[in-house]
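Engineer: Let me begin by handing over the structure; questions about it come next.
The values are calculated or read from the model by the stated rules, or taken from the named source; none is laboratory data. This is a predicted model, so every value here is computed, not measured. When we count neighbours, we look across all protein chains shown, and the Cβ atoms used for this are built from the backbone with ideal geometry, even at glycine. In case anyone asks, the SASA skips ligands and DNA or RNA and just uses the protein heavy atoms, side chains included. Shrake-Rupley method; radii C 1.70, N 1.55, O 1.52, S 1.80 Å.
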Amino acid sequence: MTESIRVLTYNIRKGKGASGRATIAMSAMGEAMRAHPIDLVLCQEVFHCPRTGASQSGHLAQALGFDSYYGANKFREMGHHGNTTLTRLRVQHFENHDISTNRVERRGALYVRVNLGKTPLHIFNVHLGLNQWQRAHQVRRVAELMDRFCVPDEPVLLAGDFNDWHKKLDRMIVNELGFHNAFANSHANAIKTWPTRRPIFNLDRIYVRHLKPKRAERLSGEPWSLLSDHFPLWAEFAVT
């Protein structure tokens with residue numbers, strides 16, 4: 001049985017860098033990630049271009065030596081973007097779920113189930129909406145998915161870009177759904193992830209249920225300050 005699992009969550013901004021005008025190679029992003037021990041990476045705003053065959057998921061998977069599982073959320077003429085979960089662990093099942101509340105702002109929850117020895121780990125990679133009502137509704141949709149997929153007492157990971165400017169979701173996820181915020185004991189300034197040039201908000205989160213947090217940190221400074229407008233979060237959990 002796997003004794004611990006190391007997780008990184010990261011909104012990569014379609015590889016446009018902190019400025020939104022750069023072109024960041026996934027090999028550079030993968031190199032930055034490989035500097036930290038990781039078993040599981042959850043990315044948001046990952047771009048695919050069917051016309052050219054360009055796949056940021058595929059390139060990042062190659063850079064990490066992981067398998068990738070992608071769910072498209074937003075479709076445009078030039079291509080589509082969505083969430084990608086990458087892992088070295090054996091995957092049992094994955095599905096992408098549309099949790100959009102309108103036709104314009106498309107959002108998704110990517111579900112992946114992996115093996116931790118004989119124990120399954122249920123992973124929900126999310127990118128939530130831009131207003132409070134949307135986000136609360138989307139969390140309830142994700143909770144319905146959890147009821148469908150997750151057996152009581154099995155470990156669950158919920159992470160990604162919550163766009164939760166004022167921490168309104170934290171009470172719902174912790175008190176109602178029984179999760180633990182991996183950064184609950186961290187200083188407020190140490191977990192602000194957006195924007196990288198001058199972090200103001202803690203938009204990105206890692207929540208767990210039936211996993212024991214061991215370490216958690218925001219990855220900041222270079223090269224992270226150049227790769228995206230979000231800083232990634234990294235955490236390690238004991239499998240109980």
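Yes/no matrix, rows are residues, columns are (1) modelled with pLDDT of 95 or more; (2) under 18 Å from TYR111 (Cβ atoms):
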position: HIS122; (1), (2): yes, yes
position: ALA143; (1), (2): yes, yes
position: MET146; (1), (2): yes, yes
position: VAL151; (1), (2): no, yes
position: LYS212; (1), (2): yes, no
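Engineer: Quick one: how many residues across the stretch 75-84 are hydroxyl-bearing (Ser, Thr, Tyr) and either in contact with an Asp or Glu (Cβ under 8 Å, 6 or more places away or on another chain) or open to solvent by 30 Å² or more (accessible area, probe 1.4 Å) (or both)?
Structural biologist: Final tally of qualifying residues: 0.
Engineer: Moving to a separate point now. With GLY58, GLY65, GLY20, GLY30 as the choices, which residue is among the small types (Gly, Ala, Ser) and either touching a Pro at 6+ places or on another chain (Cβ under 8 Å) or within 19 Å of HIS127 (Cβ to Cβ) (or both)?
Structural biologist: That would be GLY20, the only listed residue that is among the small types (Gly, Ala, Ser) and either touching a Pro at 6+ places or on another chain (Cβ under 8 Å) or within 19 Å of HIS127 (Cβ to Cβ) (or both).
Engineer: Counting only residues that are part of a loop (DSSP other than H, G, I, E, B) and open to solvent by less than 30 Å² (accessible area, probe 1.4 Å), which one in the stretch 1-17 is farthest from ASN125 (Cα to Cα)?
Structural biologist: GLY17
Engineer: For the stretch 55-74, indicate whether the set of residues that are out of contact with any Phe, Trp or Tyr (no Cβ under 8 Å at 6 or more places or on another chain), at pLDDT below 95 and open to solvent by 50 Å² or more (accessible area, probe 1.4 Å) is non-empty.
Structural biologist: no
Engineer: Any residue in the stretch 90-111 that is out of contact with any helix residue (DSSP H, G or I) (no Cβ under 7 Å at 6 or more places or on another chain), in a strand (DSSP E or B), without any contact (Cβ under 8 Å) to a residue 40 or more places away in the chain and of a type in the set (D, E, K, R)?
Structural biologist: The initial filter retains those residues of the stretch 90-111 that are out of contact with any helix residue (DSSP H, G or I) (no Cβ under 7 Å at 6 or more places or on another chain), namely 90-96, 98, 100, 102-106, 108, 110.
Going one step further and asking which of them are in a strand (DSSP E or B), we end up with 91-96, 98, 108, 110.
Adding the requirement that they be without any contact (Cβ under 8 Å) to a residue 40 or more places away in the chain leaves 91-96, 98, 108.
Now drop any that are not of a type in the set (D, E, K, R), which leaves 95, 98.
Yes, the stretch 90-111 contains a residue that is out of contact with any helix residue (DSSP H, G or I) (no Cβ under 7 Å at 6 or more places or on another chain), in a strand (DSSP E or B), without any contact (Cβ under 8 Å) to a residue 40 or more places away in the chain and of a type in the set (D, E, K, R).
Engineer: Next question, about the same structure. Before we move on, is ARG205 open to solvent by 50 Å² or more (accessible area, probe 1.4 Å), within 17 Å of ALA159 (Cα to Cα) and either in contact with a Pro (Cβ under 6 Å, 6 or more places away or on another chain) or of a type in the set (Lys, Arg) (or both)?
Structural biologist: Considered against the rule, which asks whether it is open to solvent by 50 Å² or more (accessible area, probe 1.4 Å), within 17 Å of ALA159 (Cα to Cα) and either in contact with a Pro (Cβ under 6 Å, 6 or more places away or on another chain) or of a type in the set (Lys, Arg) (or both), ARG205 comes out as no.
Engineer: Mind checking whether some residue in the stretch 145-156 is part of a strand (DSSP E or B) and either closer than 26 Å to GLU3 by Cα or not basic (Lys, Arg) (or both)? Explain how you work it out, then say what you get.
Structural biologist: Just the residues of the stretch 145-156 that are part of a strand (DSSP E or B), to begin with: 156.
When the remaining residues are screened for being either closer than 26 Å to GLU3 by Cα or not basic (Lys, Arg) (or both), the result is 156.
There is at least one residue in the stretch 145-156 that is part of a strand (DSSP E or B) and either closer than 26 Å to GLU3 by Cα or not basic (Lys, Arg) (or both).
Engineer: Just to check your reading of the model, which residue among HIS230, HIS187, HIS210 is more than 17 Å from the chain's Cα centre (by Cα) and buried (at least 20 other Cβ atoms within 10 Å of the Cβ)?
Structural biologist: Among HIS230, HIS187, HIS210, only HIS210 is more than 17 Å from the chain's Cα centre (by Cα) and buried (at least 20 other Cβ atoms within 10 Å of the Cβ).
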